[in-house]
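Worksheet for the structure shown next.
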Amino acid sequence: MPGRQAFVDACLESYWSAPGVARMKADGTGGRWAAELLTLAGHERVAPLRRVLTEVARDGLHTLDPIFRFQDEEAAAIRGKQYGQASAFGVEQLRRSQGVAYVITLAAVLGWAVSLGEDLTAQVDGMPDRGWVDLPHGYAKAALKVGDVRGARQVVDTAYDVLMAARYPDHPALVEGIAAYRALAGTVGRRLEQAIDNLADDLLRSALRTHLLALMWTLGFVPECESLRRSGQPPSRSMLRTLIRLSMDRIPHDPLTQYVWLEMKDRPSLDLRGHHFFHVINRRYGQYLPDATWPVMPSQAYAQTLIGWLDGELGLDDVAGYLDVIDRVREFEEVREYSPGSSDWSVYLRMISLAYLLAREHDLLAGDPSPARELQTWRSLLDQVTRMRGRHHLNPHRADLEGTLNYPLFHVIEQGLRPGAGDNGLDPAQVVQALESYRAAAMTFSLAVTPPSTPAPPGSELARLLDTERELIGWLKGAFFLVNYEFLPTHFRRYATEAGTLAGGAPRGLDLETGRRDYLEVERLLGELYDRMSATAGEHAARRKDPTASVATIAGVLSQHTGS
Amino acid sequence: MTSIWDRYPDLSPSELRNLVAATAQVLAGSADRSELPADPIEISTGEAARELTASIDMLSADERGVVQELLEDDDTAIELCHVVLGEVRRHPELASAVAQTYEERSRKMTGAELLLLAGALVVLATRIKEIRAGKGGTKITFSESGEVVKAFLAGLVASLRGLG
């Protein structure tokens, strides 16, 4: 559940990013909206907001100062009902003037949010504040009219989440509100699809093919990127839609994706600034500390080097420059965990993968450059990737990895399974086993909680051990729930406060760190259990310790298929 | 047998989206393809706005953003669709072909239309001069209807200047 500040920021996103608001700013105090607002500010239904509305009209929306002053000086003294009346009045103005409706509903929702303070999302007697039914809805409707799709989505999602967290969501006071937010969420979803279509079409029209290939490479569509690189074709519209959708989700955590987009920012063949997502692309997130503190921004160096390589225009000096940056990136990786930023290991992996690739192409690899040695390097990276994937379910606070770890996988397949690979001392069976480990790593939790059915005589030692396993798996599920607890929709926490209160004392830590600690502890206990099981149920224990299929099993299954 | 037109304009949002899609399909399939953009049904609102500002004299290229917003906004997109559908209804053979396509789409597992294809519909209605509809391929002059749609769109754009 986003806090009050996140909700306020979502409401204010329209001020920075909505095309309609940009036009209002351009019209300024001379705009019809400003004149209309001055007139309507005198209406009794917006009387408590009169001063701020007048100030906004006289300022022509050039700054947010009137809104901030209102929040600091007046908002707390205005009652929720008055905010509700003002917002309803604002919504009524949508047919007359979208600009006026936008300003009134914005002032109302922000004032209301500030007036509730830290209790904004609190539930009193199992019910949220009455304002959640109308105020965010009215604002989101107006924000959509002026073109703020992403901000509106966040506001709608938050409001829906708050209403659904009520202990009595079928209370008559909430039912209509919940239905209205569902309908508005549908509208927002359609608008987002249109925004994605529009950007995809403009990307197709642009002359930025290599930038788009760089985006594919960065997001893990490595085989697809290679195929288009060889054919000279641009990505399809459907692929572009996927790239846009993934990018917008990942950018707040992924500086590499962001910098590839930023390289498209001021290109004549693409008006990126005219798109809904520009604000997402152009914002500072502080994902990766070196980008903010080093003279050369590693993420920018990555983006420019990758695009240059895909363009076939990268010289030896460019490569050497990039490898210098990578030396420092490698050092930073040792301390990244302790530095601010939301980026994950995939950033390092992609940067270093590009460095290996360029070093090989320019004969700059140190030591033995044989195919076997090269495969060993990629295998080593793939093993790390497998470990990271196997732990990603304990990182619900991070963006989905999607395909960002794919690059070593691509190389291992290309080099280890190509015809004649065995002649170079490469063992295809080892490669297949590595691929199977990679596949299984994505299902670590599912495999851990799904033991095979092993019969055991009642009262036997094995039956007792299997009972212990069942119990530990129950704990593991509980720990996994704790890991995800803070990131689940609010209604999962509907009864949490009372449970803690009734138990007396401080509620147990229902947070990520507690969940992870518990998870790893139960995992350790399961490991010990399987060691003890080895004597009585060797096969069961072995499958639990290593749930991957063997090469022989895979070959056996594949051999059941006959070609036609 | 009842037709979708018997209930028009009292349609659910889903029925309206499907009727618009069926109408766009009929218009795109009955007109001279050389008059139309490459993939008129799949056209995005941005491309549709570019087409419309380029082809309608009453609009300027600067107004592309406003036209795009009109095509994306639920209320104005529905208004625009109703203007086109109203014009389609004036031509019985065309309306009948649309109703038939609507029924066929309803019977097939095509899935409900999630987007209101307002951009596609308005581009088709303003670009097509002549249509051959019905089993006999009756020739229908659609250019006058196109002018009605153009005038309506230009009026909407004018009403939005300065967000007034």
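Before moving on, here are some points about what is shown:
- In the stretch A:30-42, the qualifying residues are those that are of a type outside the set (D, E, K, R) and surrounded by 15 or more Cβ atoms within 10 Å (Cβ to Cβ), and the one that is farthest from the other protein chains (Cβ to nearest Cβ) is A:Ala41.
- Residue count, the stretch A:323-376 (criterion: of a type outside the set (A, V, I, L, M) and part of a loop (DSSP other than H, G, I, E, B)): 13
- Residue match in the stretch A:118-141 (condition: within 14 Å of chain B (Cβ to nearest Cβ), among the aliphatic types (A, V, I, L, M) and either more than 30 Å from the chain's Cα centre (by Cα) or in a helix (DSSP H, G or I) (or both)): yes
- The residue of the stretch A:268-290 that is farthest from A:Leu208 (Cα to Cα), among those that are part of a helix (DSSP H, G or I) and more than 20 Å from the chain's Cα centre (by Cα), is A:Pro290.
- Among the residues of the stretch B:35-57, the ones that are facing chain A (nearest Cβ under 10 Å) and either surrounded by fewer than 21 Cβ atoms within 10 Å (Cβ to Cβ) or within 11 Å of B:Thr126 (Cβ to Cβ) (or both) come to 3 in all.
- Candidate set from the stretch A:92-105 (those that are in contact (Cβ under 8 Å) with a residue 40 or more places away in the chain and more than 14 Å from A:Ala41 (Cα to Cα)); member that is nearest to the other protein chains (Cβ to nearest Cβ): A:Gln98
- The listed residue being surrounded by fewer than 21 Cβ atoms within 10 Å (Cβ to Cβ), within 14 Å of chain A (Cβ to nearest Cβ) and not small (Gly, Ala, Ser), out of B:Glu69, B:Glu79: B:Glu79
- Considering the stretch A:190-225, the residues that are within 11 Å of another protein chain (Cβ to nearest Cβ) and of a type in the set (S, T, N, Q) include one that is nearest to A:Leu357 (Cα to Cα), namely A:Asn198.
- Of all residues in the stretch B:137-164 being in a loop (DSSP other than H, G, I, E, B) and without any contact (Cβ under 8 Å) to a residue 40 or more places away in the chain, the one that is farthest from the other protein chains (Cβ to nearest Cβ): B:Gly137
- The set of residues in the stretch A:419-451 being over 27 Å from the mean Cα position of the chain (by Cα), modelled with pLDDT of 90 or more and not in a helix (DSSP H, G or I) consists of A:Thr450, A:Pro451.
- Every residue from the stretch A:38-66 that is over 25 Å from A:Pro128 (Cα atoms), hydrophobic (A, V, I, L, M, F, W, C), assigned to a helix (DSSP H, G or I) and under 38 Å from the mean Cα position of the chain (by Cα): A:Val52, A:Leu53, A:Val56, A:Ala57
- Among the residues of the stretch A:87-104, those identified as out of contact with any His (no Cβ under 9 Å at 6 or more places or on another chain), part of a helix (DSSP H, G or I) and not charged (D, E, K, R) are A:Ala88, A:Gly90, A:Gln98, A:Gly99, A:Val100, A:Ala101, A:Tyr102, A:Val103, A:Ile104.
- Matching residues, the stretch A:309-322, being surrounded by fewer than 18 Cβ atoms within 10 Å (Cβ to Cβ) and assigned to a helix (DSSP H, G or I): A:Asp311, A:Leu316, A:Asp317, A:Asp318, A:Ala320, A:Gly321
- Residue satisfying condition, being closer than 18 Å to A:Val114 by Cα and either without any contact (Cβ under 8 Å) to a residue 40 or more places away in the chain or in contact with a Leu (Cβ under 6 Å, 6 or more places away or on another chain) (or both), within set A:Asp9, A:Asp59: A:Asp9
- Count of the stretch A:439-469 residues, restricted to those that are under 30 Å from A:Asp383 (Cα atoms) and either in contact with a Ser or Thr (Cβ under 8 Å, 6 or more places away or on another chain) or not polar (S, T, N, Q) (or both), is 12.
- Test: residue in the stretch A:143-161 that is away from every other protein chain (no Cβ under 14 Å), without any contact (Cβ under 8 Å) to a residue 24 or more places away in the chain and among the small types (Gly, Ala, Ser): no
- Elements of the type helices (runs of 4 or more DSSP H) sitting completely within the stretch B:1-106 and holding at least 1 residues that are under 30 Å from A:Gly20 (Cβ atoms) and not small (Gly, Ala, Ser): these cover B:13-30, B:45-55, B:64-72, B:74-89.
The values are calculated or read from the model by the stated rules, or taken from the named source; none is laboratory data. Predicted, not measured: the structure shown is a model, and the values here were computed from it. So basically every Cβ, Gly included, is an ideal-geometry build from the backbone, and we count neighbours across all protein chains shown.
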